[in-house]
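Step one of this worksheet: look at the structure below.
The values are calculated or read from the model by the stated rules, or taken from the named source; none is laboratory data. Only a predicted model underlies this, so the values are computations on that prediction, with no experimental measurement involved. Cβ coordinates were reconstructed from backbone atoms using ideal geometry, including for glycine residues, and neighbour counts include every protein chain displayed. The area values use the complete protein model at the heavy-atom level, side chains included, leaving out ligands, DNA and RNA. Shrake-Rupley method; radii C 1.70, N 1.55, O 1.52, S 1.80 Å.
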Amino acid sequence: LYVAGGGFHPAKTLPITVDVGTDRESLLLDPLYLGLPNKRIKGKEHEQMMDEFMEAVSTKWPKCIIQFEDFQSEYALKYLER
């Protein structure tokens, strides 16, 4: 999106996947599942992990743009406001 429409050079982007687990039992039991094979973290644990992530990214790259994609809206808006 940013490369095609926003004029960002691909070398200036860093896609990051934050895997916080899944609550889908079928995925937890699937030996071919590539995600974190743990129950999804929630609540305070989720907040603490994301606070640490956001702090690290914004400290390392203070002018960066952070976009949450495929992220539950209840969490994404809260973290962007912080």
Task: Subset tally (residues that are open to solvent by 90 Å² or more (accessible area, probe 1.4 Å), hydrophobic (A, V, I, L, M, F, W, C) and assigned to a loop (DSSP other than H, G, I, E, B)) for the stretch 1-15 - done: 2
- [ ] Would you please name the residue that is least open to solvent (accessible area, probe 1.4 Å), looking only at residues in the stretch 22-80 that are aliphatic (A, V, I, L, M), part of a loop (DSSP other than H, G, I, E, B) and without any contact (Cβ under 8 Å) to a residue 12 or more places away in the chain?
- [x] LEU32
